[in-house]
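Peer 1: The structure is given below, and queries will be raised subsequently.
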Amino acid sequence: MNDVNLCDVKPYGDMLNDGLIQVSFTLPIEHSFAANKAAEKIAEKMGLVSPEVIHSKELTKGYSYFIIYAVCNHSINFDELKDQSFDIQYLDKTDIEDLIVQKIGRPLIVVGASTGTDTHSVGIDAMLNLKGFDGESGLEAYKGFLTYNLGSQVPNSVLIAKALEVKADAIMVSQTVTQQKLHIHNLTQLVDMLEAEGARDDVLLICGGSRVTNELAKELGYDAGFSRGCYPNHVATYIAREMAHKTESIEISSDMAVVGE
Amino acid sequence: MISKLNLDEKTVELCHKSAQKVVSDVLRDVEGKTTFSIERAIVRLLGVDGVNEFDHPYPNLLIEHVNENGGINDGVSYWLGNAVIHTGKPPQEIADAVVKGELSLFDLPMAEHAEIREKMFSMAQECLDTLKKFHVSRSKFADKFPEIPQPYIYVLTATGSVYEDVVHGLAVAEHGGDIVAVIRSTAQSLYDFVPYGATEEGFGGTFATQENFRIMRKSLDEWAEKNNKYMMLSSFCSGLCMPEIAVMGVIEGLDNMVNDALYGILYRDINMVRTLVDQQFSRKVNGFFGITINTGEDNYPRTSDSPSTPASIVASEMVNYHLAKNAGVAEKNMGLGNAFEIHPGVTNGFLYEWAQAQLTRDLFPGCPVKYMPPTKHMDGNLMRTHACDTLFNLVTVGTQQGIQTIGVPTEGIFTPHIHDRVLGLENTNYVFNFAKNFGDEIEFKQDGIIQGHAQSVLSEASEILMNMAENGLYKSIENRVFGNVSRREDEGKGQEGIVDKSDIYFNPFEELMKDDKDERCQFM
């Protein structure tokens, strides 16, 4: 291990604490020496020190592209972050199947779709379909899951109707292609509609997509959000653990009810 | 031309024969049908355009009027032609009066059928002549500039605003792109109308409207004049308004259109009969005016991991080829689709990609095959994506594909930014130049990995096509032959827009374009 001070972590180039980073962006100005200067000024406003344009190029008249190397002297206290459980230990398929058998004792029902105008089913297919993604099978392949993949461009109303019909334990929504925050509109609408149906508390509501984060998901009223780098077993672990937890707490409360009598 | 892959000629022939059978069965089935969108395309060709105060397009309102009065089976040509005879007004004025509620096409005395037909045919001929003249002048304009060598470099823009697309389009032109294709706003394919005017608020793309086409065309033409290089313009002739978009493209001088026969069925869940009827008319229009069409087989590997996917691509190319041929599209205007989508971790994946790309090239030597970049396995590591794109570019130039959609490093993260497109172009230019004649210099080892893979894909494709010839296209789609997607004949969007033709139905443009085949303008 290196002797990094976890209370004072900086970007690393080739020496500890050198703070070296690379940024690239376009400015809507004519390509010129003045434009390079402007790019460096922007980098300074980002809080970077000694910015140097190492490559710049005219994209078309009035638009210039820059690659800049600079030093970032800001640091973060990593110790503070470590305890906030960003890194979850995920289970593999067998362990998840065992968990469902032992703690839940029935298959979990999951309904998923790519909703709204999104025509891309790649995300939801990767999570739900048998073939999965990158060698990891999707939930359809798990013994403990019963899955319904409604595909792409599914209206929120159709997704909800299906979830109610099959008494889903979890709803998974995927938003792949998004621009100008369209995905946020689709995602919040689903939450609103579920609440209007009085069904929000009956299901685990999960969203996923390249621009979705767990933080964003929670902010929008979802139970969890999964993004880039997520594999089917991550989602499966989450659902199985949450459901096991739910089942346990129901058992505990009914036990208590018995005691109370 | 059976070339580098040592393909079995009999198998190739069998593929073509089976595909022809599949296609002739489909065409027999859709022959007696038209659609709302085809009828709207007819009135657009006759000059009907504009929207009412609720932004409802005149072509839609006019066709709805005919439908509500029970006349749609006779075709709009019949009812509109009668109105022209009785009012002496051009179609646009008639549409205007109908929209404003000042005129009903059904309150007029009816002229003789033959007279209506004659009137409409002469009007349609006039429209075609005007458009032909326009296309000859476009052709002359393009010919002023140096010829553009293939592979044509095809680059997307997708900002949502036509004015930003202009900027992106110019950046593409500056950096060696040959074709600018403006991606449509997400879900436009499911609109059963074409939006109107210049638009600035699309999602994941910009609405295809006639005004947007005009704005892009004008800016690329101006750039061409200044820089002595012609720039081609492309859009998406697909979805529920496929025939209308074809007409709009012809009117505004587009060079290229995505126009797949099956894509809408598989990936937009549009009813298969609707799509197949629509694609025939749209392809007749594109074919007549020499607009290059691109097909969408590149999507299959994105939705299917099955080992038979490469074979299903070949089978689909065969079906698309024969559907296009029947619609009068010249081989040089058929950009049949394929993609570089094998997982980057597969050992010798490059050799399989090469074999598949070469196979399409060799099966359709007269067609400018349209080759698509890796996207499915691009995981946000833009440096790796850039590396994959380099090999993709090498396959493109080495197998002499006709049209290449460039790969962009930020593929799979978001709608690429302007500089991402330029980085993609720089990679393409580098490889296309650095390895320009590589393809001419190489042959493949007899029965080596590349030949073996191509041969086995072809033989599997011939089996798929033989089964399809027996079961028919509809049943085969239901059985997930393409992209592992299943659709049923009686399901899907847009079914309500399918119309059975009555005995007196006629579509003057369809008939005139068919009779005028020898004079077809071949623009590009």
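The values are calculated or read from the model by the stated rules, or taken from the named source; none is laboratory data. As the structure is a computational prediction, the values presented were derived from the model and not from experiment. Here Cβ is always computed from backbone atoms with ideal geometry, including for glycine, and neighbour counts include all displayed protein chains.
Peer 1: What residue, among those in the stretch B:363-381 that are within 14 Å of chain A (Cβ to nearest Cβ) and at negative phi, is surrounded by the fewest Cβ atoms within 10 Å (Cβ to Cβ)? Before the answer, list the steps.
Peer 2: Looking only at the stretch B:363-381, we keep the residues that are within 14 Å of chain A (Cβ to nearest Cβ), and these are B:374-381.
Okay, now just the ones that are also at negative phi, so B:374-379, B:381.
On the way: B:374: 23, B:375: 21, B:376: 21, B:377: 20, B:378: 23, B:379: 16, B:381: 14.
The qualifying residue surrounded by the fewest Cβ atoms within 10 Å (Cβ to Cβ) is B:381.
Peer 1: Next question, about the same structure. Run down B:246, B:171 and say which single residue is within 14 Å of chain A (Cβ to nearest Cβ), modelled with pLDDT of 95 or more and part of a helix (DSSP H, G or I).
Peer 2: B:171
Peer 1: Additional query: Which residues, counting only those in the stretch A:35-61, are buried (at least 16 other Cβ atoms within 10 Å of the Cβ), of a type outside the set (Val, Ile, Thr) and either in contact with a Phe, Trp or Tyr (Cβ under 8 Å, 6 or more places away or on another chain) or within 14 Å of another protein chain (Cβ to nearest Cβ) (or both)?
Peer 2: If the condition is that a residue be buried (at least 16 other Cβ atoms within 10 Å of the Cβ), of a type outside the set (Val, Ile, Thr) and either in contact with a Phe, Trp or Tyr (Cβ under 8 Å, 6 or more places away or on another chain) or within 14 Å of another protein chain (Cβ to nearest Cβ) (or both), then A:35, A:36, A:39, A:51, A:56, A:57, A:58, A:59 are the ones that fit.
Peer 1: Are any of the residues in the stretch B:276-284 polar (S, T, N, Q), within 19 Å of residue B:190 (Cα to Cα) and within 14 Å of chain A (Cβ to nearest Cβ)? Explain how you work it out, then say what you get.
Peer 2: Taking the stretch B:276-284 as the starting set, the residues that turn out to be polar (S, T, N, Q) are B:279-280, B:282.
Next, only the ones that are within 19 Å of residue B:190 (Cα to Cα) stay: B:279-280, B:282.
After this cut, where a residue has to be within 14 Å of chain A (Cβ to nearest Cβ) as well, the list is none.
Scanning the stretch B:276-284 turns up no residue that is polar (S, T, N, Q), within 19 Å of residue B:190 (Cα to Cα) and within 14 Å of chain A (Cβ to nearest Cβ).
Peer 1: Based on what the data block shows, is residue A:19 at pLDDT below 95 and touching a strand residue (DSSP E or B) at 6+ places or on another chain (Cβ under 6 Å)?
Peer 2: Working: at pLDDT below 95: no; touching a strand residue (DSSP E or B) at 6+ places or on another chain (Cβ under 6 Å): yes.
In short, no.
Peer 1: Just checking, which of A:164, A:187 is buried (at least 21 other Cβ atoms within 10 Å of the Cβ), among the aliphatic types (A, V, I, L, M), assigned by TED's automatic domain parsing to the domain that holds residue A:104 and in a helix (DSSP H, G or I)?
Peer 2: Working: A:164 fails: buried (at least 21 other Cβ atoms within 10 Å of the Cβ).
Checking each option against the conditions leaves just A:187.
Peer 1: Quick check on the stretch B:397-409. Is at least one of its residues closer than 27 Å to residue A:55 by Cα, touching a residue at least 12 places away in the same chain (Cβ under 8 Å) and within 14 Å of chain A (Cβ to nearest Cβ)? Walk me through it before giving the result.
Peer 2: At the first step, the residues of the stretch B:397-409 found to be closer than 27 Å to residue A:55 by Cα are B:405-409.
Imposing the further condition that a residue be touching a residue at least 12 places away in the same chain (Cβ under 8 Å) reduces the set to B:405-409.
Of the ones still in play, those that are also within 14 Å of chain A (Cβ to nearest Cβ) are B:408-409.
Scanning the stretch B:397-409, I find at least one residue that is closer than 27 Å to residue A:55 by Cα, touching a residue at least 12 places away in the same chain (Cβ under 8 Å) and within 14 Å of chain A (Cβ to nearest Cβ), so the answer is yes.
For (1) in contact with an Asp or Glu (Cβ under 9 Å, 6 or more places away or on another chain); (2) farther than 17 Å from residue B:370 by Cα; (3) among the hydrophobic types (A, V, I, L, M, F, W, C); (4) part of a loop (DSSP other than H, G, I, E, B), each residue gets a yes or a no:
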{"residue": "B:310", "(1), (2), (3), (4)": "yes, no, no, no"}
{"residue": "B:313", "(1), (2), (3), (4)": "yes, no, yes, no"}
{"residue": "B:316", "(1), (2), (3), (4)": "yes, no, no, no"}
{"residue": "B:320", "(1), (2), (3), (4)": "yes, no, no, no"}
{"residue": "B:338", "(1), (2), (3), (4)": "yes, no, no, no"}
{"residue": "B:341", "(1), (2), (3), (4)": "yes, no, no, yes"}
{"residue": "B:351", "(1), (2), (3), (4)": "no, yes, yes, no"}
{"residue": "B:359", "(1), (2), (3), (4)": "no, no, yes, no"}
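Peer 1: Might you check whether a residue that is closer than 22 Å to residue A:167 by Cα, away from chain B (no Cβ under 13 Å) and out of contact with any Pro (no Cβ under 9 Å at 6 or more places or on another chain) occurs anywhere in the stretch A:86-98?
Peer 2: The initial filter retains those residues of the stretch A:86-98 that are closer than 22 Å to residue A:167 by Cα, namely A:96-97.
Okay, now just the ones that are also away from chain B (no Cβ under 13 Å), so A:96-97.
Still in the list and also out of contact with any Pro (no Cβ under 9 Å at 6 or more places or on another chain): A:96-97.
Yes, the stretch A:86-98 has at least one match.
Peer 1: Something else now. What number of residues within the stretch A:28-83 are among the polar types (S, T, N, Q) and more than 30 Å from residue B:222 (Cβ to Cβ)?
Peer 2: Within the stretch A:28-83, the subset among the polar types (S, T, N, Q) is A:32, A:36, A:50, A:56, A:60, A:64, A:73, A:75, A:77.
Still in the running and more than 30 Å from residue B:222 (Cβ to Cβ): A:50, A:73, A:75, A:77.
Qualifying residue count for the region: 4.
Peer 1: With respect to residue A:176, determine if the residue is within 14 Å of chain B (Cβ to nearest Cβ) and in contact with a His (Cβ under 6 Å, 6 or more places away or on another chain).
Peer 2: Details: within 14 Å of chain B (Cβ to nearest Cβ): yes; in contact with a His (Cβ under 6 Å, 6 or more places away or on another chain): yes.
So residue A:176 fits the description; yes.
Peer 1: Okay, moving on. Among the candidates B:51, B:66, B:76, B:84, single out the residue that is surrounded by 15 or more Cβ atoms within 10 Å (Cβ to Cβ), more than 17 Å from residue B:508 (Cβ to Cβ) and either of a type in the set (A, V, I, L, M, F, W, C) or touching a His at 6+ places or on another chain (Cβ under 9 Å) (or both). Give the steps one after another, and end with the answer.
Peer 2: Numbers: B:66 fails: more than 17 Å from residue B:508 (Cβ to Cβ); B:76 fails: more than 17 Å from residue B:508 (Cβ to Cβ); B:84 fails: more than 17 Å from residue B:508 (Cβ to Cβ).
Only one candidate passes the filter, namely B:51.
Peer 1: Please specify each residue of the stretch B:174-187 satisfying the condition of being more than 10 Å from chain A (Cβ to nearest Cβ) and over 15 Å from residue B:415 (Cα atoms).
Peer 2: B:176, B:177, B:178, B:179, B:180
Peer 1: Does the stretch B:273-281 contain at least one residue that is touching a residue at least 12 places away in the same chain (Cβ under 8 Å), buried (at least 24 other Cβ atoms within 10 Å of the Cβ) and more than 20 Å from residue B:29 (Cβ to Cβ)?
Peer 2: The answer is no, given that none of the residues of the stretch B:273-281 is touching a residue at least 12 places away in the same chain (Cβ under 8 Å), buried (at least 24 other Cβ atoms within 10 Å of the Cβ) and more than 20 Å from residue B:29 (Cβ to Cβ).
Peer 1: Let me ask something else. Residue B:60 versus (1) farther than 18 Å from residue B:192 by Cα; (2) assigned to a helix (DSSP H, G or I): which is the lone unmet condition?
Peer 2: (1)
Peer 1: Going by the conditions given, is residue A:125 under 22 Å from the mean Cα position of the chain (by Cα) and in a helix (DSSP H, G or I)? Quick ask: steps written out before the conclusion?
Peer 2: Working: under 22 Å from the mean Cα position of the chain (by Cα): yes; in a helix (DSSP H, G or I): yes.
Yes, satisfied.
Peer 1: Let me ask something else. Since residue A:150 meets every condition but one in (1) buried (at least 16 other Cβ atoms within 10 Å of the Cβ); (2) within 14 Å of chain B (Cβ to nearest Cβ); (3) in contact with a Ser or Thr (Cβ under 7 Å, 6 or more places away or on another chain); (4) not charged (D, E, K, R), which condition does it not meet?
Peer 2: (3)
Peer 1: Going by what's in this entry, would residue B:199 be described as within 10 Å of another protein chain (Cβ to nearest Cβ) and of a type in the set (Val, Ile, Thr)? Steps first, please.
Peer 2: Numbers: within 10 Å of another protein chain (Cβ to nearest Cβ): no; of a type in the set (Val, Ile, Thr): yes.
Criteria not met by residue B:199.
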